[in-house]
1. Let me know the Kirkwood hydrodynamic radius for region 36-194, please, with Cα pairs as the basis and the value in Å to one decimal.
2. Sort 179, 83, 63, 44 so the one with the fewest other Cβ atoms within 10 Å of its own Cβ comes first.
3. With no solvent and one point on each alpha carbon, what is the Debye value of log10 I(q)/I(0) for region 37-120 at q = 0.11, 0.18, 0.19 Å⁻¹?
4. Calculate the FRET efficiency for residue 109 and residue 190 from the Cβ-Cβ distance with a Förster distance of 30 Å, rounded to the nearest 0.05.
5. With contacts defined as alpha carbon pairs under 8 Å and 6 or more residues apart, what's the relative contact order of region 37-120 in percent?
């Protein structure tokens, strides 16, 4: 028990904040057309095997889900006119980013506002020795909450919260944590941003 508490006390946080504005080319990665059958044809560029495509309603309920099976360009027609009136969005989840394209259905008519399409970049984590490096690109400078947990073993409750912070108002988020007496598999980091949650075990 004493060793566990010593490990918790040895967790030392080093903060590196970098507020440099990064240029980002918002290349057009999708097109939306209508075919002869009056279906909405969505074409997505630069997809990879294993990417996850979904159609969701405004409450986040998944109405359609498909795992991309081929690298390159994804194109498919959808009959969206039969959906109840409301707000919906296409979502494409890649390894390090999630893109959303919203649309509205009203009286069997479908409308898109392509200007509202956006990309959410996932936090990235890598380790070097007992150092943990965290990065995230947040073009809209949205808050990122970070929670660091330590697995204290059989003598304490599993995964005790040992550090948490929220970073906002910066496009480029960078954090470096030095974990005392680092043991692989003993730490869990939870990221929360824009209603999404990601968990990384290290």
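Read-outs: derived from the displayed coordinates by stated rules, not from any lab. What you are looking at is a predicted structure, and each value in this text was computed from that prediction instead of being measured. Here Cβ is always computed from backbone atoms with ideal geometry, including for glycine, and neighbour counts include all displayed protein chains.
1. Its Kirkwood hydrodynamic radius stands at 18.6 Å.
2. On the way: 179 23, 83 17, 63 11, 44 20.
So the ranking, lowest neighbour count to highest, is 63, 83, 44, 179.
3. Log10 of I(q)/I(0), two decimals: -0.28, -0.77, -0.86.
4. 0.15
5. Details: 178 pairs, mean separation 22.7, N = 84.
Once normalised by length, the contact order is 27 percent.
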